[in-house]
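Since the structure comes first, as structure tokens, the remarks are kept for the end.
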Amino acid sequence: MRIHMIRHLILLAVLLGTLSAMADNSLAPEPCLPVPTPQQVAWQQLETYAFIHFGPNTFNDKEWGYGDAPASSFNPTRLDCEQWVQTLVKGGMKGVILTCKHHDGFCLWHTQYTDYNVANSPFKRDVVKELSDACKKYGIKFGVYLSPWDRHQASYGTQEYVTYYYNQLTELMTQYGDVFEVWFDGANGGDGWYGGASEKREIDRSTYYNYPKAWGIVNRLQPDAVIFSDGGPGCRWVGNEKGYANATNWALLRIKEVYPGYPQYEELQSGHADGDGWCAAECNTSIRPGWFYHESEDDKVKTVDELTDLYYRSVGHNGTFLLNFPVDKEGLIHPTDSATLVAWRERIDHEMGNNLLKGAKFTASDTRNKQFSSSMMGDDNWETYWAASDGVTAADIIIKTKKDVTLDRIMLQEYIPLGQRVKAFVIEYKTCCGKWVPVIVDEETTTIGYKRIVRFNEKTASEWRIRILDARACPCINNIEGYHS
């Protein structure tokens, strides 16, 4: 009897404590649905990672091979996956996704399901294994691209091919260690789905592959992997191959409407404000005009300025940045590409390396528990955040520095485990005559999400203001930082 009474008293105390906390509005806000999984949060925190396109196309000067190039054409003379990964690490990349099989159907691993693979080339070695091992050695993530379309397999267009595809997916999910992302390409070869150079085999992509079954294979064998396609379900294509998202970019998507090959793909540049699923945008582009190596493009590598702009329009627009490196005929990342990548990372580190708002005093027009700790802001601490009271969808955050600082970039982050909330905001600075003035007027400042970096002409002040004008629920801001590039 006494034990039961003690238990009841403990439960009563917990209940009273909970009600008291609710009364002073100090509990965490209710999630604003939809919200990301922990895997999706960890994926977005990677921010920048690499693509590798490599295969017979490299040696035959093609982008989309027909699947008729002999396996003997694949013959790199100096292939070194450690060179790839070391280059990517120096460039600040957190992971790499390999085109294990492109549309031509040639497989870069020792698959048991077709002879059209690297084992039957002069090179012989398992490229997927060598890259996976290099990623483990140097501490970056490993991902795979497996083209659903296959121009080599005679069975393409039949159920036999779908089984073949599932079998190969299972091989990649079980033989090469942890996988952080699996890429399901929606490319369709133009007007219909083609086999060889002229053969046309029409299929209905929305049903033929039974994507939910393929995704189930990934979820069962690699539960931490994020699944990419036009409509996710883990992350989505951004709707262009130029490497940027729109300034308004929701991580939300009408998940049941969008599928691989979605015809209204331009919508994916902004997502859906009324989306019912969490599916953030991955912004993919190549460091060269093509995805595969072409010697004629050696002088057409994107410049450091171009890549820097894309960083701000991808990671800085609530997306991730997937940058492709076409491995050359020797089997190496070309020196021009390598030097450009490293110089680009040095530029980003320079422009975003000194947070001038660290140590500033932060106050807010409304706070959930009537307290606002400056330690919640101005530093990359993912475990803290400020939230307004329930029902408050507009609020101001004022930042005071000890002396004037000159800024031309301000970074904002929402605490996305509780959802994406902000629909419109303005950044202002106080002039010497005491007037609040927007730092920028020619760019829409709407969504924030995981990260929004606003660039503007440099302004000097000791007081700055973030005005959240509208939100889907009480704002929940994780971090604010300021930089002078």
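Once you mark the GluC sites (Glu not before Pro) that are in a DSSP loop and have at most 11 other Cβ atoms within 10 Å, what is the longest gap between them in the chain? All intermediate terms of the calculation are to be shown ahead of the outcome.
Details: sites that count: 202, 383, 443, 444.
The segment 1-201 is the longest one with no such site.
Got a sec? Charge dipole of the chain, +1 on Cβ for Lys and Arg, -1 for Asp and Glu; which of 307, 89, 448 is way out at the positive end? After comparing all options, I get 448.
Return a whole-number percent for the relative contact order of region 265-340, with Cα pairs under 8 Å and 6 or more residues apart as the contact set.
After rounding, I find 37 percent.
In terms of its C-alpha gyration tensor, region 422-485 comes out prolate, because a/c is 1.5 or above and the ratio a/b outweighs b/c.
Measure out, as a whole number of angstrom, how far apart the alpha-carbon centroids of region 121-142 and region 451-466 sit. So the separation of the two Cα centres works out to 43 Å.
Dipole check for the chain: with +1 at the C-beta of Lys and Arg, -1 at the C-beta of Asp and Glu, and the Cα centre as origin, the magnitude is about 1680 Debye.
Is the shape of region 170-312 rounded, prolate or oblate, going by the alpha carbon gyration tensor and its root eigenvalues a ≥ b ≥ c, with a/c under 1.5 for rounded and a/b larger than b/c for prolate? Present the calculation step by step, with values, prior to reporting the outcome.
On the way: a/c = 1.36, a/b = 1.14, b/c = 1.19.
In terms of gyration-tensor shape, rounded.
Near residue 146: Cβ cut-off under 11 Å, other residues only, Lys/Arg at +1 and Asp/Glu at -1. The net charge is -2.
With +1 on each Lys and Arg Cβ and -1 on each Asp and Glu Cβ, how big is the dipole of region 361-483 about its Cα centre, in debye rounded to the nearest 20? Display every interim value, and only then the final one.
On the way: 18 positive and 17 negative charges, 56 e Å.
About 280 debye.
Region 233-299 and region 52-107 have Cα centres lying 22 Å from one another.
When the charge dipole of the chain is built from unit charges on Cβ atoms (+1 for Lys and Arg, -1 for Asp and Glu) and taken about the Cα centre, the candidate among 338, 44, 401 whose Cα reaches farthest toward its positive end is 401. Helix-only arithmetic for the chain: the sum of -39500 (n - 2.57) across DSSP H runs with n ≥ 4, divided by the residue total, places the mean residue ellipticity at 222 nm at -7500 deg cm²/dmol.
Starting from region 314-364, pick out the chymotrypsin sites (Phe, Trp or Tyr not before Pro) whose DSSP state is loop and whose Cβ has at most 14 other Cβ atoms within 10 Å. Before the final figure, lay out the partial values.
Working: sites: 321, 344, 362; in loops: none.
Listed in order of number, the matching sites amount to none.
The convex hull around the C-alpha trace of the chain, projected and averaged over every direction, spans 27.1 square nanometres.
Only the coordinates and a few stated rules stand behind these numbers; no lab work does. Since we're looking at a predicted model, the values are computed, not measured. With ideal geometry, Cβ positions are generated from the backbone for all residues, glycine too; neighbour counts draw on all protein chains shown.
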